[in-house]
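The values are calculated or read from the model by the stated rules, or taken from the named source; none is laboratory data. Not measured: the values here are computed from a predicted model. FYI the Cβ positions are ideal-geometry reconstructions off the backbone, even for glycines, and counts take in every protein chain you see. Remember, those area values only see protein heavy atoms, side chains included, never the ligands or the DNA or RNA. Shrake-Rupley method; radii C 1.70, N 1.55, O 1.52, S 1.80 Å.
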Number of protein chains: 2
Amino acid sequence: MIQVATTRLSQLFLRTLRDDPVDAEVASHKLLVRAGYIRRAAPGIYTWLPLGLKVLNKVENIVREEMNAIGAQEVHFPALLPREPYEATNRWTEYGDNLFRLQDRRGTDMLLAPTHEEMFTLLVKDLYSSYKDLPVYLYQIQTKYRDEARPRAGLLRGREFIMKDSYSFNIDDAGLEEAYFAHRGAYQRIFERLGLEIAIVKAQSGAMGGSRSEEFLHPTPVGEDTFVRSEGGYAANVEAVTTVVPEPIDASNTPAASIEVTPDSPTIETLVEQSNALHPKSEGQWTAADTLKNVVIAVIHPDGTRQLVAIGVPGDRAVDMGRVEVNVGVLLGIGGEVEVEAATEEDFKKFPQLVKGYIGPGLSLDAKLLGTESETEIPYFVDPRVVSGSTWITGANEAEKHVYNLVFERDFEADGVIEACEVREGDPAPDGSGPLIAARGIEMGHIFQLGRKYAEALGLKVLDQNGKLQTVTMGSYGVGVTRALAAIAEGNHDDKGLIWPRNLAPADVHVVATGKGADITEYAEKLVEELSAAGLDVMFDDRPKASPGVKFGDAELLGVPTIVVVGRGFKDGKLELKDRRSGEARDIAVESAAEEIVREVNK
Amino acid sequence: MIQVATTRLSQLFLRTLRDDPVDAEVASHKLLVRAGYIRRAAPGIYTWLPLGLKVLNKVENIVREEMNAIGAQEVHFPALLPREPYEATNRWTEYGDNLFRLQDRRGTDMLLAPTHEEMFTLLVKDLYSSYKDLPVYLYQIQTKYRDEARPRAGLLRGREFIMKDSYSFNIDDAGLEEAYFAHRGAYQRIFERLGLEIAIVKAQSGAMGGSRSEEFLHPTPVGEDTFVRSEGGYAANVEAVTTVVPEPIDASNTPAASIEVTPDSPTIETLVEQSNALHPKSEGQWTAADTLKNVVIAVIHPDGTRQLVAIGVPGDRAVDMGRVEVNVGVLLGIGGEVEVEAATEEDFKKFPQLVKGYIGPGLSLDAKLLGTESETEIPYFVDPRVVSGSTWITGANEAEKHVYNLVFERDFEADGVIEACEVREGDPAPDGSGPLIAARGIEMGHIFQLGRKYAEALGLKVLDQNGKLQTVTMGSYGVGVTRALAAIAEGNHDDKGLIWPRNLAPADVHVVATGKGADITEYAEKLVEELSAAGLDVMFDDRPKASPGVKFGDAELLGVPTIVVVGRGFKDGKLELKDRRSGEARDIAVESAAEEIVREVNK
């Protein structure tokens, strides 16, 4: 048995604080600082104090054990890296302001790595050359850097943080699938051992490229990520939700499209009003769902090029720019990450054919095309609800005019279908598992099937069984280690302080000695020695001058799961044994105290 | 007993290399790369592969244990830090090109920390306020950054490297002394456990400020640092050696100084020649030791100011610019680190009173003073050998003229005494322990008494027993962790590969299975299982296709101290047990092999 040195509060580098740090908004941030686990060094950058480091090591070791269990091998890359590999994959540019860039004394461009796909790819390329060397899974637990625009919530979104990142290398897709599920399983075990509830949500892979991708979200009200789930078990982030597409409609009896005057109707609301007033529906009333809203959006390419696209969505739905951002790049054939924003007045000026408030697809109706065959053509995409044969009221590309009975794929076409609309609570889950419910979460992990994107960009090929060069297929997998610690703190506290799960606590038991008699101190020392000899990791409040109130308060703030008080009852042969989480306390006899405490800790 | 997972070479991420890396000059660099322990990511920046990381963790743990044993508490600071604290101590500037500087997305200046004095000082200031909180010793094992001009020798001088740095905080000098010696002892134990011979040498503290300072140098021919030692146990780096000062001389009978013509004698050699020819000594011959050479040096202040000084040294000694650099700042009252270089033609032009080749102190002789009372005065320092009453031939500040019988402190004076001359083998050790011997070493550790420099600059004060604010006194202590690993490799290898000390090896035993029979493989698997169950960390070469030659070669290259071969002798009931260091091999019986191997490993 390894005997752990007792943590004596008289010696420990610790100052608990009464007041919340002024910049702290969430409980984990407030309490980790107040309880002396971490301390801010710069915005989004933290120092680990002794207690924090102890818990962090426990979290890291759980991650390490589960990675080793699936045969992943630990390595350690530098944080400071040369530009070239990130240039080859275009991420030097794509990362934008999130990347910390610098130059060395010779003026060579370098970066602080936000993630290491390139370097792992190059390392495997450097050392391996045959299918016989594969598969290999490599990982590191390493300090990463991202220059977040708004570092917030303490460790939940920092600029320097610890991540476990791993990478799988396989010769074929079946191997990648296996590696992916091995990691998926390891992650489930990691988060279970960390006591973090997780929803595994389908995700879009964004700048990472590749195909299959899932996020491990920890549902919490302080989460930055919104996602949707269903009672039937579906979970996805809103970017990844696919619309349940209605059946195509037989429009053979739909009257021909016609352009009608609709004075002063530049919004969906005014259009519905004017339509009901001037061009009534044959049965019932027009609603926003009958209209097709054409939204013009500026897409900023990774190289800075600005391109306009128009998206047609049902008038009762808003466009979700986040969903547009992750989905529009592929439709436009853009490799990297794009940014999107609403088209500006200046954008509109460049395309006089766009009549604001009256924009229509107009492809088969008349000369007022949205785009032309010229270079200034504006691609036009539609929401999946715009199915073949669906009928719409939409802009006529002329002020104060709209077109009625415009049928998709009879009267107009699109350059593609895009998931662009907001996802709403109550929308059906794509897998038929019931209506969607909105939730908030923190991304704790992410698994990606990268495929061959990085291997191709960096030339990672190995000889296959037939002696032919094959590009390797890769997966990339991350766990936010420091973030996990914060999430655990966030989910395990009350108004008095932290409440650590037993396997992550900075000690097994917190012994508080209060009261004046030398016999109390003497006995407490003896008890601590016994507990330590029995293999417990003991925190011992032996501060001679601190008041009982300060000691009890600190014990609750620090959050060790079991608290033992050697105090008032001692003269009657009793100690108090308290469970930090439930708050329940009971007296135990001095004679059998050590055994009782060991039993409590191991129960 | 914790059972360690066996390292199987069929699975291990490893490719041993036959050829030395082209950029490698020293054995540790070559072998650590060839044996697959590390891999270069950029100049002076390395990736740790699985075996390397395993050894590194063992080194770190030895350091950690010894630091904990003296009551130091582990914390962990960020590497990416704000500029302000380093500005307050002037190190933002003083570090020059060695500091990696960058800006974040808001344009805030940041740095990658080369060492953390400022941050530790601020942390203690942040949390502590009373003498009762002291002493406290804090340490971290952390990644550091220095943009070395010439990263070289692999891990011996890298740009990203791991250091253990610790800092002590005390209320008084006696406390600092205690902290200093506690660290000194811990360092002695660390290097002993790492098997690194160490010379503790007196050092000048340079940019760190403060008073007492010692370096832990590991003597090795590949070392960059030169130092001197004596048979009697003295050791110091050449910057720190103090000259054994001769007794003052009674010059009452020395004739008056006189200026003599010495045509074409701008060097010591020509001067000695001309003196012996034209102005012979009363007894014997003039030698260079009779002359006083006045060397003009440019001192560049931390703020860029360029200042000339002149230094008078015996003509038979060269000036050591390194010794001047560490010693001149204090004499000039400059706080930070200075640079020095020989005065240039341009410098000389600015001071026409300096007659090159004929410069003299000239203070009491005539109007041709070296300096004047004006602002352009050039301070004049002398070597400690220039004692009161010593008599010299030196420049007369006029072309082709020298002055004879010039007596120090009768005829001329100096603004101070400086340790400026080269230290030579054979010079007496300052502590009387015999003549000095030159040696080369690598700096493995460094301990400093910083004193109050950082605490004053950053305002770290605490209340003393009388309720008065006192500035805290500090020590700073460093161990190069990655460098230690390299030094161990450097000192433990032969032409076949690495030879790890047992307590640092990546495994206890390396089992090689060679030969074709299925029984060999089967038995080897069983043996490995037994050894692992007995608590040994086993490396197992189970590669089915590798030849015996490759397997033996790799076993020697990788350097596990005990090698067991299950091969040719197996059919006769024998295994081969080999000691990697001595090369001795003996046969052991299959029946008792496991016990025998365990005994060998634990012996």
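Given the Cα-Cα distance of residue A:341 and residue A:281 and 0.36 nm per residue of separation, how much length would full extension add, in nm?
Gain in length upon complete extension: 18.1 nm.
Determine the shape class of the stretch A:507-602: with a ≥ b ≥ c the square roots of the Cα gyration tensor eigenvalues, call it rounded for a/c under 1.5, and otherwise prolate if a/b is greater than b/c, oblate otherwise.
Rounded, since a/c falls under 1.5.
Explain nothing, just compute: Karplus ³J(HN,Hα) = 6.51 cos²θ - 1.76 cosθ + 1.60, θ = phi - 60°, for every residue of the stretch B:546-555 in order, whole Hz, x for Gly and Pro.
Couplings: 6, 6, x, x, 4, 5, 5, x, 5, 4 Hz.
Keeping all protein chains in position, work out how much accessible area residue B:40 exposes to a 1.4 Å probe, and write it in Å² to the nearest 10.
Counting only protein heavy atoms, residue B:40 exposes about 120 Å² to solvent.
Expressed as cubic angstrom per residue, what is the convex hull volume of the alpha carbon set of the stretch A:43-177?
Dividing the Cα hull volume of the stretch A:43-177 by its residue count gives 147 Å³.
Between the stretch A:284-340 and the stretch B:130-176, how many Å separate their Cα centres?
Rounded to whole Å, the Cα centres lie 53 Å apart.
Rounded to whole Hz and in sequence order, give me ³J(HN,Hα) for the stretch A:34-40 from the Karplus expression 6.51 cos²θ - 1.76 cosθ + 1.60, θ = phi - 60°, writing x for Gly and Pro.
Per residue, the Karplus-derived 3J(HN,Hα) values read 4, 7, x, 8, 9, 8, 6 Hz.
As a test, work out the antiparallel percent of DSSP beta bridges whose residues both lie in the stretch A:507-602, rounded to the nearest 5.
Antiparallel: roughly 50 percent of the beta bridges in the stretch A:507-602.
Counting only other chains, what is the mean number of Cβ atoms within 10 angstrom of the Cβ of each residue in peptide B:137-147?
Mean inter-chain Cβ contacts per residue within 10 Å come to 2.
Provide the per-residue ³J(HN,Hα) series for the stretch B:162-167, in order, calculated from phi with Karplus coefficients 6.51, -1.76, 1.60 and θ = phi - 60°, each as a whole number of Hz, with x at glycine and proline positions.
So the Karplus estimates, Gly and Pro as x, are 9, 10, 9, 10, 10, 9 Hz.
Got a sec? Charge dipole of the stretch A:41-136, +1 on Cβ for Lys and Arg, -1 for Asp and Glu; which of A:111, A:122, A:86 is way out at the positive end?
Towards the positive end, the residue furthest out is A:111.
With a 1.4 Å probe, what is the total accessible area buried between chains B and A, in Å² rounded to the nearest 100?
Buried area (both sides, nearest 100 Å²): 4700 Å².
Taking each pair of different alpha-carbon atoms in the protein assembly as shown once, compute 1/r for the pair, average those values, and report the inverse of that mean as the Kirkwood hydrodynamic radius in Å to one decimal.
Taking the inverse mean of 1/r over all distinct Cα pairs, the protein assembly as shown comes out at 35.8 Å.
Looking at the square roots a ≥ b ≥ c of the eigenvalues of the Cα gyration tensor of chain A, which shape do they give, rounded for a/c under 1.5, prolate if a/b is larger than b/c, or oblate?
Prolate is the answer for chain A, as a/c is 1.5 or above and a/b outweighs b/c.
Relative contact order of the stretch A:260-417: what whole-number percent is it, with Cα pairs under 8 angstrom and at least 6 residues apart?
This gives 25 percent for the stretch A:260-417.
Against the globular-protein guess of 2.2 N^0.38 Å, express the Cα radius of gyration of the stretch A:260-417 as a ratio, rounded to two decimals.
Dividing the Cα Rg of the stretch A:260-417 by 2.2 N^0.38 Å gives 1.02.
Any chance you could look up the accessible area of residue B:76 with a 1.4 Å probe, heavy atoms only, rounded to 10 Å²?
Rounded to the nearest 10, that gives 50 Å².
If you place +1 on the Cβ of every Lys and Arg and -1 on the Cβ of every Asp and Glu, how big does the dipole about the Cα centre of chain B come out, in debye to the nearest 20?
Result for chain B is approximately 2420 debye, rounded to the nearest 20.
Gain in length, residue B:550 to residue B:23, computed as 0.36 nm per residue apart minus the alpha-carbon separation, to one decimal in nm?
187.2 nm
Per residue, how much accessible surface does the protein assembly as shown expose to a 1.4 Å probe? Answer in Å², no decimals.
Heavy-atom accessible area per residue stands at 42 Å².
For B:163, A:539, write out the residues from largest to smallest accessible area, computed with a 1.4 angstrom probe and no ligands counted.
Greatest to least solvent exposure: B:163, A:539.
Specify whether the C-alpha gyration tensor of the stretch B:416-561 places it in the rounded, prolate or oblate class, a ≥ b ≥ c being the square roots of the eigenvalues: rounded for a/c under 1.5, otherwise prolate if a/b is larger than b/c and oblate if not.
oblate
Please report which chain A residue places its beta carbon nearest the axis carrying chain A onto chain B, with the distance rounded to a whole angstrom.
Looking at chain A's Cβ atoms against the axis toward B, the nearest is A:102, 2.
What is the average number of partner chain Cβ atoms found within 10 Å of a Cβ in B:92-103?
2
Which value, in Å² rounded to 10, gives the accessible area of residue A:351 with a 1.4 Å probe and all protein chains present?
Here the accessible area works out near 30 Å².
Counting partner chain Cβ atoms within 10 Å of every residue's Cβ in B:466-476, what's the average?
Partner Cβ neighbours, averaged per residue: 0.
Any idea how far the Cα center of the stretch B:13-42 sits from the one of the stretch B:43-113, in Å?
After rounding, the separation between the Cα centres reads 25 Å.
About its Cα centre, how strong a charge dipole does the stretch B:507-602 have in debye, to the nearest 20, once Lys and Arg get +1 and Asp and Glu get -1 at the Cβ?
400 debye
Once the label point is set 7 Å along the Cα-to-beta-carbon vector, what list of distances in nm do you get between residue A:357 and its counterparts in the other copies?
9.4
Based on C-alpha coordinates, I'd like the Rg and Dmax of the stretch B:118-226, in Å.
16.1, 48
Evaluate the charge dipole of the protein assembly as shown about its Cα centre and quote only its size in Debye, nearest 20, assuming +1 on the Cβ of each Lys and Arg and -1 on the Cβ of each Asp and Glu.
Rounded to the nearest 20 debye, it is 1980 debye.
Farthest toward the dipole's positive end in the protein assembly as shown, which of B:73, B:517, B:49, given Cβ charges of +1 (Lys, Arg) and -1 (Asp, Glu) about the Cα centre?
Result: B:517.
I want to check the label-to-label distance for residue B:599 and residue A:184. Put each point 7 Å from Cα in the C-beta direction and report it in nm to one decimal.
5.3 nm
Calculate, for residue B:399 and residue B:252, the FRET efficiency according to 1/(1 + (r/R0)^6) with r their C-beta to C-beta distance and R0 22 Å; round to the nearest 0.05.
0.10
Rounded to the nearest 0.05, what FRET efficiency do residue B:572 and residue B:192 give with R0 = 41 Å and r taken as the Cβ-Cβ distance? Could you check?
Step by step, r from the Cβ atoms, then E = 0.40.
List the relative contact order of chain B as a percent without decimals, with contacts defined as Cα pairs under 8 Å and 6+ residues apart.
18 percent
Testing the spin-label approximation: label points 7 Å from Cα along Cα→Cβ at residue B:242 and residue A:97. State their distance in nm.
5.7 nm
Measure off, as a whole percent, the carbon and sulfur share of the 1.4 Å-probe accessible area of chain A, all protein chains present.
The nonpolar share, carbon plus sulfur, comes to 48 percent.
Counting DSSP beta bridges in the stretch A:260-417, what percent are antiparallel, to the nearest 5?
70 percent
Taking the label point 7 Å from Cα in the Cβ direction, how far apart in nm is residue B:109 from each other copy of itself, listed shortest first?
Output for residue B:109: 2.5 nm, nearest copy listed first.
Taking H placed 1.01 Å from N in the peptide plane, check which residues at least 5 places from residue B:224 or on another chain put their amide H under 5 Å from its amide H.
B:441, B:443
Under the rule of -39500 (n - 2.57) per DSSP H run of 4 or more residues, summed and divided by the residues of chain B, what mean residue ellipticity at 222 nm is obtained, to the nearest 500 deg cm²/dmol?
The helix contribution divided over chain B gives -7500 deg cm²/dmol.
Over the stretch A:507-602, calculate the relative contact order: mean separation of alpha carbon pairs under 8 Å at least 6 apart, over the residue count, as a percent.
32 percent
Treating the point 7 Å from Cα along Cα-beta-carbon as the label, what are the nm separations from residue B:4 to the other copies, to one decimal?
List, nearest first: 2.2 nm.
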